[in-house]
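Encoded as structure tokens, the structure appears first; notes follow it.
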Amino acid sequence: MVGNSNRVDNFPDGNDLEDPMHFSRPFTAPLEVHKVSVPPETSTFQSLRQRLCEFFFPDDPFHQFKNKPFVRKLVLALQYVFPIFEWGSDYSLGLLKSDAISGITIASLAIPQGISYAKLANLPPIIGLYSSFVPPLIYSVLGSSRDLAVGPVSIASLVMGSMLREVVSPDKEPILFLQLAFTATFFAGVFQFSLGLFRLGFIVDFLSKPTLTGFMGGAAVIVSLQQLKGLLGIVHFTTKMGFIPVMESVFENKGEWAWQTVVMGLSFLAFLLIARHISMRRPKLFWVSAAAPLTSVILSTIISFVFKAPNHGIKTIGHLQKGLNPPSANLLDFEGSYLSLAIKTGIVTGILALTEGIAVGRTFASLKNYQIDGNKEMMAVGAMNMAGSCASCYVTTGSFSRSAVNYNAGCKTAASNIVMASAVLFTMLFLMPLFYYTPNVMLSAIIIAAVIGLIDVNGALRLWKLDKFDFLACMSAFFGVLLVSVQMGLAIAVAVSLFKILIQITRPNTVVLGNIPGTNSYRSVAQYREATRMPTFLILGIESPIYFTNSMYLQERILRWIREEEERITKLNENSLKSIILDMAAVMTVDTSGIEALVELKKILDKRSLEASISDRHCNLKFGSLVGILLDMSQNGLQLVLVNPVGDVAQKLSQSGVWDLFGSDHIFVTIGEAIAASSHKVNV
């Protein structure tokens with residue numbers, strides 16, 4: 001319990017400490033000095049249990065089950081695992097109308113994008129449609145987002161295609177490439193589901209916003225450059241992904257450029273970009289950009305059929321197989337020599353897909369003022385990828401472009417995914433022959449128009465203004481993807497982000513605090529110009545936990561602060577330094593190395609005080625000199641004082657014996673009480 005230990009009537013007069021022109025007295029009334037209480041001890045099991053609960057269940061998902069009848073608990077559990085039973089119980093015709101409009105609208109975007117993104121992953125176009133049918137159905141049952149529209153996405157498609165193509169050629173060994181794609185998708189689903197099941201979603205957070213901004217921007221440029229093959233009609237194109245090899249291949253094969261293909265491609269690309277611009281300027285016209293890809297496919301197919309485009313060098317998609325997704329479980333390969341490649345590809349694409357899907361889901365959830373469970377989303381995305389790998393689908397997740405259209409179209413529940421899947425099913429069953437004359441250049445134009453929005457120039461400029469280190473991580477990812485490879489760019493960006501964390505952990509911030517005149521508040525003198533230093537006191541704020549990684553640095557930095565303060569005092573001819581106050585309010589925890597650093601710091605300061613006292617008495621060892629030295633140390637020595645240690649820190653200080661080493665007269669609740677008590681001690 002907190003109790004009174006002493007009462008200090010006031011600070012000493014300003015004349016006793018420093019010129020009153022430089023000293024703003026923060027207290028005008030008697031001040032109660034309180035004891036710092038130590039939290040009650042808990043058993044190791046209780047402490048471990050509490051930490052594990054906070055680590056794995058910070059959102060307390062079991063709260064809804066408390067004090068409920070057994071039957072009600074079963075219903076809640078069913079709704080928790082299968083959210084469709086939660087929103088489905090209150091479903092109405094009004095909701096169906098909104099979801100039907102949204103579903104049909106996003107289907108018009110999903111069909112051409114699905115075909116295009118499959119091409120981007122070096123897979124048969126029909127795989128893109130398969131991946132737009134089964135996964136949305138599974139997500140509508142397991143997903144917790146009302147607005148997320150799932151299906152193939154550009155970044156995951158690019159990464160999967162590029163990683164597999166480095167080892168296996170999709171042209172020379174198409175069946176093996178397809179097997180690896182399905183196997184990688186299965187491992188991506190297992191990885192995603194495991195993260196959600198074991199509540200390890202924090203791993204995805206290592207892909208920070210700056211990292212993703214740079215990575216997606218670089219990937220968007222690479223994706224666009226790759227589409228120059230189709231946009232220019234080039235036949236012999238490089239298989240490398242870097243900026244330089246792609247540009248070399250473009251200009252080395254200028255003789256293969258087909259002007260008919262270029263004209264058609266640029267015309268429809270301009271149409272798609274204009275439609276996108278209109279929808280961005282006027283959100284109510286969202287349907288313009290949503291319908292533009294399908295409209296472009298229809299128009300280009302008609303033009304290709306009427307003018308016999310294949311006879312003029314414009315290549316078309318050709319035959320697409322009709323019917324439902326064929327089973328592909330027999331194509332999953334868990335024993336071959338390429339197993340490690342499939343696992344690595346699955347993990348990388350799984351992380352990227354999760355990061356994009358959860359970010360998109362949370363974005364639109366915040367717009368409608370509801371929350372989604374990140375771990376449940378991981379399990380839902382993982383389940384649909386595992387199931388999809390057995391139904392001829394490759395990696396899918398929530399798409400930002402389709403989700404934005406879904407949101408703007410007025411979707412109410414995840415049933416819009418069911419409507420979209422139904423439209424895709426109808427297309428696969430009855431409309432496949434119509435895509436025979438669809439030009440390949442049209443798919444390239446759709447991909448370029450889709451990924452160009454991933455280049456966030458304004459976001460990069462904001463990073464430059466706010467945090468140069470984040471900007472460095474962003475640019476590292478961007479140029480790593482652009483100049484080296486997609487995987488290396490991502491690895492470099494994550495390494496830069498981790499290096500930033502390492503610097504913040506090993507070199508935490510410490511600040512000199514001063515009193516805000518007329519208040520009892522103490523703030524950084526660098527931030528608040530009106531804050532005044534307290535004479536004979538050096539008040540330091542430690543803004544980080546004290547770990548083995550930073551304990552020695554903090555010890556050295558505090559000693560440096562002391563040296564700099566003494567130099568300042570000497571220069572300004574002020575009263576000598578008497579007390580060092582460490583404000584530990586921001587020190588959330590401390591380990592054994594941190595405790596040892598505090599002990600060592602106290603020993604150093606005590607030794608300095610002893611040497612100064614002996615020097616003042618000229619080493620005169622007459623009777624009473626030793627007593628005088630000790631009295632000088634207690635009254636005039638450099639004292640180390642701790643202020644406001646939080647519960648965990650106070651408990652460890654007590655258990656280690658450091659609490660007794662400092663003494664209760666050197667540990668205070670507030671800075672004001674520490675100053676008052678120390679000043680009172682000096683005057684006594």
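Return the distance in nm (one decimal) between the two label points of a simple spin-label model at Glu556 and Glu32, each offset 7 Å from Cα along Cα→Cβ.
So the label points at Glu556 and Glu32 sit 4.4 nm apart.
Could you tell me which GluC sites (Glu not before Pro) in the range 522-604 are loop residues by DSSP with no more than 15 other beta carbons within 10 angstrom of their beta carbon? Present the calculation step by step, with values, prior to reporting the outcome.
Working: sites: Glu530, Glu543, Glu556, Glu564, Glu565, Glu566, Glu567, Glu574, Glu596, Glu600; in loops: Glu530, Glu543, Glu574.
Sites meeting the loop and neighbour criteria: Glu530, Glu543.
What list do you get for Ile302, Ile351, Ile455, Ile175 if you sort them by fewest beta carbons within 10 Å? Please report the intermediate quantities before stating the final value.
Working: Ile302 13, Ile351 22, Ile455 17, Ile175 8.
Going from least to most buried by this count: Ile175, Ile302, Ile455, Ile351.
So what are the ³J(HN,Hα) numbers for the range 423-437, from phi and the Karplus equation (6.51, -1.76, 1.60; θ = phi - 60°), rounded to whole Hz, Gly and Pro as x?
Using θ = phi - 60°, the values come out as 5, 5, 4, 4, 5, 5, 7, 10, 10, 4, x, 5, 8, 4, 9 Hz.
Quick check: pseudo-label points 7 Å beyond the Cα along Cα→Cβ at Ile503 and Gln655, how many nm apart are they?
3.5
Is the range 353-433 rounded, prolate or oblate when judged by the Cα gyration tensor, a ≥ b ≥ c being the square roots of its eigenvalues, rounded requiring a/c under 1.5 and prolate requiring a/b larger than b/c? Intermediate results must be reported in sequence, preceding the final value.
Details: a/c = 2.37, a/b = 1.33, b/c = 1.79.
Here the range 353-433 falls in the oblate category.
Below 8 Å, C-alpha to C-alpha, sequence gap of six or more: please give me the relative contact order for the chain in percent.
Relative CO of the chain lands at 22 percent.
Provide the FRET efficiency to the nearest 0.05 for the Val457-Glu567 pair, computing r from the beta carbons and using R0 = 45 Å.
Details: r = 47 Å, r/R0 = 1.04.
After rounding, the FRET efficiency stands at 0.45.
Could you put Met584, Met160, Met488 in order, starting from the residue whose Cβ has the fewest other Cβ atoms within 10 Å?
By the 10 Å Cβ count, ascending, the order reads Met488, Met584, Met160.
All of the numbers you see were taken from the coordinates with simple rules; none came from a lab. The structure presented is a predicted model; accordingly, all values stated were derived computationally and were not measured. As a convention, Cβ positions derive from the backbone with ideal geometry for all residues, glycine included, and neighbour counts pool all protein chains shown.
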